[in-house]
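Read through the structure below, which is laid out as structure tokens, and then see the notes.
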Amino acid sequence: MASKNLRQRVQDISLGPVLEHFKTVVFVYFVLARLIKVQRHLRARGLRTTLMEYWTWMSKNFLLLALKCLPDQRKKAEAEIANAKFILDNKFIPKGEAVTRHMSLPPKGQSSEWIASEMEKMDTEIGHTEWKNGKISGAVYHGGDDLTKILIAAFDRYCVSNPLHPDVFPAVRKMEAEIVAMCLRMYNNPMGAGATTSGGTESIIMSVKTHRDWARATKGITEPEIIVPDTAHAAFDKAAAYLKIKVHTMPIVRETRQVDLKRVARAINPNTIMLVGSAVNFPDGCQDNIVALAKLAREHNIGMHVDCCLGSFIMPFLEPAGFPVEPFDFRVDGVTAISCDTHKYGFAPKGSSVIMYRNAELRKHQYYVHPTWTGGLYASPSIAGSRPGSLIAGTWAAMQYMGYEGYLQSCREIVGGAKTIAGRIKAEFQGKLYVLGNPPASVVAFGSSDPKCSIHEVGDIMSKKGWHLNGIVRPDAIHIALTRLTVPMVDTFIADLHDAVHEARDTPSGKGTMVQLYGLGKVAGALAPSISGQIATEFLDTLYRA
Ligand SMILES: *Cc1c(COP(=O)(O)O)cnc(C)c1O
């Protein structure tokens, strides 16, 4: 009977008014939280950009809906994508009777002679781009044939090694620690900390993750945001997409090609975990104002990542080589992380980069540890579990082979070549071409100042002349990232550029692959990103078709 009484008594207590108050509090909390979010978003992006984003989003969805209802339009868009797919297939997938396809394992293993001859056959039949002729922007950071031999020897010796097991491969562990130490000294933070990764993208993903976990642990931030210049590498957006972080993309000042500092300052809010600056950026090779960005970061006690993936082994040598350079490394108070790609101007084998932090305390937030895993205590510093020790050995060997003098010389030659190109464009192409910003290192981007001349068409004509350059947007321009291979080709480049500008101006064709990929003029404006996104997805599919 007692239990019945108790139940009755509980039912008798009236929860009515309490519940009502509770509901109101919850309601007010959610409305306020929402309003704060909207207010921060508006502050970071400005009313105009927010409205533009909204408008683009609306018109995109409206057009997508319209496409569903308008068969003609839909057919046009589908034809566009099918056509792109056809072009991609033809470009990448070898066709014809002569091509042997290896779609399943050979029943018996092949001999090493057979493997070598089959590779030879693929190279001749399918063809490959002559990357040694010095007409490729970036892509191949070749340290010379002697260095290649040294890399092969390192691979040979450490082929099966795996730094996941430092007890089995102690030499690889030592080399990895030394690579990080050498980079930290190059970037003037010998007491700092770092790790090697598989490339610039992984270095950037790790840095974003580190700052996210640091901000969560020290400030309790659960809805992290980062502030990134429009010219920063797409790897920051990729990291944010993987790690569920909101990105505020900041506009660039047209003359300097540096991120707009006023806008960055306005975008900082209590959820901001880090700012980003490039030294130098990929699109136009310019450097953000690292000193000013780091000052902002310090004032707000947030992270500041300097992307030196491309600057790698060029930026630290500008000063000793006698080129002008603004501060960019750990000597700038407030810089908390720097990414440096050993596999670019460090001439290490591809698949190698270094992420550096101000101190070891910050680096702890990069690690992943699983103390109770059924496979035993698991601890790993970066994304990969097992890692190729051969790449670490190759990177270490490349750095030993080049040495300070070697990198200094390579910086002199490469940056010297870039300055010559920029100088000659300014001097010889007045009224026709202009150089974007004031690039301090190895990349030069240029656009057209003549409305009758499309810069992407200039790029297409340069392609026909054997050059592999990069088309960029906002503004339309093309860039060349100089390497040791391109240095002797500077005069040829300028001569070809003269021809290309003449041709694009006098006999414009109004089309071309660069234009197609970047302009997509034939498709309604708001849909262009969605259609080019679908084409890019087709491109990725193409990569896996045998
Ligand atoms: C190359 C590059 C990266 C990242 O490169 P990976 O291709 O992942 O090695 C990041 N930032 C800049 C500026 C770069 O040029």
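The strands (runs of 3 or more DSSP E) found entirely in the stretch 193-303 that carry 3 or more residues being buried (at least 20 other Cβ atoms within 10 Å of the Cβ) and within 16 Å of the ligand (Cβ to nearest atom) are 193-197, 225-229, 272-278.
Each row is one residue, and each column tells you yes or no for (1) surrounded by fewer than 17 Cβ atoms within 10 Å (Cβ to Cβ); (2) at pLDDT below 95; (3) of a type outside the set (Lys, Arg).
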site: Ile355; (1), (2), (3): no, no, yes
site: Tyr378; (1), (2), (3): yes, yes, yes
site: Gly385; (1), (2), (3): yes, yes, yes
site: Pro388; (1), (2), (3): no, yes, yes
site: Trp396; (1), (2), (3): no, no, yes
site: Tyr407; (1), (2), (3): no, no, yes
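A Cβ distance below 8 Å, combined with a sequence gap of six or more or placement on separate chains, defines the contacts here; from the stretch 60-73, residues that are at pLDDT 75 or above reach residues that are surrounded by 10 or more Cβ atoms within 10 Å (Cβ to Cβ) and not in a helix (DSSP H, G or I) in the pairs Leu63/Ala524.
If you go through the stretch 126-147 one residue at a time, do you hit one that is within 30 Å of Ile392 (Cβ to Cβ), among the polar types (S, T, N, Q), touching a helix residue (DSSP H, G or I) at 6+ places or on another chain (Cβ under 9 Å) and not in a strand (DSSP E or B)? Full working, then the answer.
Our first condition is that a residue be within 30 Å of Ile392 (Cβ to Cβ); within the stretch 126-147, this holds for 128-129, 131-132, 134, 136-147.
Next, only the ones that are among the polar types (S, T, N, Q) stay: 129, 137.
Filter once more, so that each one left must be touching a helix residue (DSSP H, G or I) at 6+ places or on another chain (Cβ under 9 Å): none.
Scanning the stretch 126-147 turns up no residue that is within 30 Å of Ile392 (Cβ to Cβ), among the polar types (S, T, N, Q), touching a helix residue (DSSP H, G or I) at 6+ places or on another chain (Cβ under 9 Å) and not in a strand (DSSP E or B).
Out of the residues in the stretch 333-350 meeting the condition of being surrounded by fewer than 24 Cβ atoms within 10 Å (Cβ to Cβ) and near the ligand (Cβ under 9 Å from one of its atoms), tell me which one is modelled with the highest pLDDT. Checked the stretch 333-350; the qualifying residue modelled with the highest pLDDT is His343. Residue pairs whose Cβ atoms lie under 9 Å apart, sitting 6 or more positions apart in sequence or on different chains, and linking a residue in the stretch 356-376 that is within 18 Å of Val180 (Cβ to Cβ) to a partner that is of a type in the set (Lys, Arg), are Met356/Arg363; Tyr357/Arg363; His365/Lys209; His365/Arg212; His365/Arg216; Gln366/Lys209. I'm trying to understand the selection: among the residues of the stretch 464-487, which are more than 16 Å from the ligand (Cβ to nearest atom), without any contact (Cβ under 8 Å) to a residue 60 or more places away in the chain and surrounded by 17 or more Cβ atoms within 10 Å (Cβ to Cβ)? Selection gives Asp476 alone.
Among the listed residues Val180, Val172, Val168, identify the single one that is surrounded by fewer than 15 Cβ atoms within 10 Å (Cβ to Cβ) and closer than 23 Å to Tyr378 by Cβ.
Working: Val180 fails: surrounded by fewer than 15 Cβ atoms within 10 Å (Cβ to Cβ); Val172 fails: surrounded by fewer than 15 Cβ atoms within 10 Å (Cβ to Cβ).
Criteria check complete, one pass: Val168.
Sort out for me the strands (runs of 3 or more DSSP E) sitting completely within the stretch 348-396 that have 3 or more residues that are under 24 Å from the mean Cα position of the chain (by Cα).
Once the strands (runs of 3 or more DSSP E) in the stretch 348-396 are filtered for at least 3 residues that are under 24 Å from the mean Cα position of the chain (by Cα), what remains is 353-357.
Taking the stretch 319-329 as the range and being in contact with a Phe, Trp or Tyr (Cβ under 9 Å, 6 or more places away or on another chain) and surrounded by 17 or more Cβ atoms within 10 Å (Cβ to Cβ) as the test, the residues that pass are Phe323, Phe328, Asp329.
Pairs linking a residue in the stretch 95-121 that is without any contact (Cβ under 8 Å) to a residue 40 or more places away in the chain to a residue that is surrounded by 10 or more Cβ atoms within 10 Å (Cβ to Cβ) and among the β-branched types (Val, Ile, Thr), with Cβ atoms under 9 Å and 6 or more positions apart or on different chains, are Val99/Ile126; Glu118/Thr100; Lys121/Thr100. Just so you know, in the stretch 84-121 the residues that are among the hydrophobic types (A, V, I, L, M, F, W, C) and under 30 Å from Ser532 (Cα atoms) include one that is surrounded by the most Cβ atoms within 10 Å (Cβ to Cβ), and it is Ala84.
The values are calculated or read from the model by the stated rules, or taken from the named source; none is laboratory data. Just so we're clear, the structure is a prediction, and the values are computed from it rather than from any experiment. We place every Cβ from the backbone using ideal geometry, glycine too, and count neighbours over all the protein chains shown.
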